[in-house]
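Down below is the structure, laid out as structure tokens.
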Amino acid sequence: MTYQYWNEKFETMSRPELASYQLVQLKKMIGYSLRTPFYAARLKAVGISSPDDIKALSDLKRIPFTTKNDLRSGFPYGFLSINRDDVIRLHASSGTTGIPTTIYFSRDDIKNWTSFVARCIYGTGCNKTDVFQNMITYGLFTGGLGFHAGGEEVGMLVIPSGSGNTTRQFRLMQDFGTTVVHATPSFLLHVEAKMKEEGINRDSLKLKRAFAGAEPYSEDTRRRIEELLNIDVFNSYGLSEMNGPGVAFECQCKNGLHLWEDGYIAEIVNPDTLEPVPDGETGELVLTILCREATPILRYRTRDLTAFYTEPCACGRTHRRIHRITGRSDDMLIINGVNLFPSQIEEVIMAIKEVGNNYLIVVEKEGVLDRLTVKVEVRPDIFMDDSRPLNAIKEKIRKTLQASITINPRVELHESGALPVSEGKAVRVQDSRPKDV
Ligand code: ADP
Ligand code: ZN
């Protein structure tokens, strides 16, 4: 296979060169950070009062971690490190776990961010002949404008369709010959189900690729989307604290996501001890941005769980790869004392062929015990009025789940399209148990 690079010099830079580049950028970021009251206090407390106090990349370890709550404490302008007049845009996180955090961009920051997103898009094999339908929420959420700008930078024809309204999405795909889409994986599954329902022939579309991200999904879900839509699906990872999309992305090898180390310094730590984990082991991703002057963020605890790959990638890029994110450390459910990540359930059910494209995990209190119910849509070709095969499917799902998660769940089957679909990130868990008891 021949691989195409958007910025060959940086994408294939030797590791020592990359490290020297990181050091230069880190010193710049320290300079900007010292202009914010939060970092000025934090950095001075550990003896850093000028960029020159950073002599090597290992000095980063002297700096305490930054959490989402730290960022919230500075709302709205506490983390702004340049003159307000030089800011041209702001974005905010989706607020999945509480009050959103705000990020500011200078003109150069937007340029840098855009070139990282363009690098990701181009690296999957896209070019200016492509028609790109950006089926994700626009607005404060970074996925809309971030991908939009990256797509334009590559020179593709960009359709800012936004999320939702599948009928209109199909019309756009047909009218303009869309070849590549960006969406959440849950929305892509919904699109596929709707396509069947509306009798749209896959072969009438020119779709070749999809970028899927913003929420966790399993390898089986990727394979399912690829098979059902007959496209290549590339995993896209980012977060607004680190600009948004364009932090880590799969190349054509589709085996782990290259994390762009000329834009971000990545560490993976044990979430309890905060010590680095050995390469290859799972822990929490910690990121330091190197490419944004308006809002520098140092050693940000993402809560996202992943691991580094240890071998280099066949594509020739030198930037380390991370495994697909299995979830956030705060997504973990404790059910009658057993720890469970929603992704473990997805991994099991998406590999069962009778299972349709949507599911919901419900946790309730029943007396003193926790009760786990997994609501699962079945494939549209399975008839809901024939109870015998349904009972067999239900039993199969229950047994397979129990074998894997060691909890005996209740399984409910639903017709295709019956469970709620979110326009933004999918809501996979309904936990009605009283908090903190
Ligand atoms: P919020 O933190 O409020 O959800 P963001 O919009 O910044 O706001 O979302 C970033 C988060 O989305 C990441 O920290 C991660 O948890 C999740 N995420 C983004 N892309 C992926 C992906 N490809 N796989 C798994 N999770 C992802
Ligand atoms: Zn690669």
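The values are calculated or read from the model by the stated rules, or taken from the named source; none is laboratory data. The model shown is predicted, which means the values in this text are computed figures rather than measured ones. Positions of Cβ are generated from backbone atoms using ideal geometry, with glycine treated the same way; all protein chains shown enter the neighbour counts. Note: accessible area is taken over every heavy atom of the protein model, side chains too, but ligands, DNA and RNA are not part of it. Shrake-Rupley method; radii C 1.70, N 1.55, O 1.52, S 1.80 Å.
Here are some notes:
- Taken together, the residues in the stretch 178-206 that are open to solvent by less than 10 Å² (accessible area, probe 1.4 Å) and more than 17 Å from GLY356 (Cα to Cα) amount to 5.
- If you go through the stretch 60-88 and keep only what is in contact with a helix residue (DSSP H, G or I) (Cβ under 8 Å, 6 or more places away or on another chain) and without any contact (Cβ under 8 Å) to a residue 40 or more places away in the chain, you end up with ASP70, SER73, GLY74, TYR77, ILE88.
- Matching residues, the stretch 114-141, being out of contact with any Phe, Trp or Tyr (no Cβ under 8 Å at 6 or more places or on another chain), away from ligand 1 (no atom under 15 Å from the Cβ), farther than 24 Å from LEU189 by Cα and not polar (S, T, N, Q): LYS128
- Of all residues in the stretch 261-288 being touching a Ser or Thr at 6+ places or on another chain (Cβ under 9 Å) and within 19 Å of SER218 (Cα to Cα), the one that is farthest from ligand 1 (Cβ to nearest atom): GLY280
- Scan the stretch 110-141 for residues that are small (Gly, Ala, Ser) and open to solvent by less than 10 Å² (accessible area, probe 1.4 Å) and the total you get is 2.
- Here PRO64, PRO76 are screened, and the one residue that is more than 22 Å from TRP260 (Cβ to Cβ) and in contact with a strand residue (DSSP E or B) (Cβ under 8 Å, 6 or more places away or on another chain) is PRO76.
- Residue check for GLU366: of a type in the set (Asp, Glu) and open to solvent by 20 Å² or more (accessible area, probe 1.4 Å): yes
- The one condition from (1) at pLDDT below 95; (2) open to solvent by less than 50 Å² (accessible area, probe 1.4 Å); (3) within 15 Å of ligand 1 (Cβ to nearest atom) that HIS258 does not meet is (1).
- Within the stretch 386-395, not a single residue is under 25 Å from GLU366 (Cα atoms), within 30 Å of the chain's Cα centre (by Cα) and not assigned by TED's automatic domain parsing to the domain that holds GLN169.
- Residues (within 15 Å of the chain's Cα centre (by Cα) and surrounded by fewer than 22 Cβ atoms within 10 Å (Cβ to Cβ)) located in the stretch 209-234: GLU215, SER218, GLU219
- The stretch 357-378 residues that are more than 15 Å from PHE341 (Cβ to Cβ), paired with ones that are open to solvent by less than 50 Å² (accessible area, probe 1.4 Å) and among the acidic types (Asp, Glu) (beta carbon under 7 Å, 6 or more apart): ASN357/GLU192; ASN357/GLU377; ASN358/GLU377; VAL378/GLU354
- Inter-residue pairs, beta-carbon under 8 Å, first within 18 Å of ASN165 (Cα to Cα) and in the stretch 134-145, second more than 10 Å from ligand 1 (Cβ to nearest atom) and open to solvent by 40 Å² or more (accessible area, probe 1.4 Å), 6+ apart: ASN134/PRO160; THR137/GLU423; TYR138/LEU145; TYR138/PRO160; GLY144/TYR138; GLY144/PRO160
- Residue within the stretch 241-254 that is away from ligand 2 (no atom under 16 Å from the Cβ) and in a helix (DSSP H, G or I) present: yes
- Subset tally (residues that are among the charged types (D, E, K, R) and either part of a loop (DSSP other than H, G, I, E, B) or not assigned by TED's automatic domain parsing to the domain that holds THR302 (or both)) for the stretch 20-79: 2
- Scanning the stretch 261-291 for residues that are closer than 18 Å to ASP70 by Cα and in contact with a strand residue (DSSP E or B) (Cβ under 8 Å, 6 or more places away or on another chain), we see that the one that is modelled with the lowest pLDDT is PRO271.
- Flag if VAL154 is at pLDDT 95 or above, within 16 Å of ligand 1 (Cβ to nearest atom) and of a type in the set (Val, Ile, Thr): no
- Contacts under 8 angstrom Cβ, first residue in the stretch 97-120 being closer than 13 Å to LEU145 by Cβ, partner part of a strand (DSSP E or B) and open to solvent by 20 Å² or more (accessible area, probe 1.4 Å), 6 or more apart: ILE103/LEU90; PHE105/VAL87; PHE105/ILE88; PHE105/ARG89; PHE105/LEU90; ILE110/ILE88; ILE110/ARG89
- Hits in the stretch 394-426 - residues which are without any contact (Cβ under 8 Å) to a residue 40 or more places away in the chain and among the hydrophobic types (A, V, I, L, M, F, W, C): ALA403, VAL411, LEU413
- Subset of the stretch 395-432 (residues that are in a helix (DSSP H, G or I) and crowded, with 17+ Cβ neighbours inside 10 Å): ILE397, LEU401, ILE405
- When the stretch 289-326 is filtered for residues that are open to solvent by less than 10 Å² (accessible area, probe 1.4 Å), in contact with a Lys or Arg (Cβ under 9 Å, 6 or more places away or on another chain), within 14 Å of ligand 1 (Cβ to nearest atom) and not polar (S, T, N, Q), only TYR300 remains.
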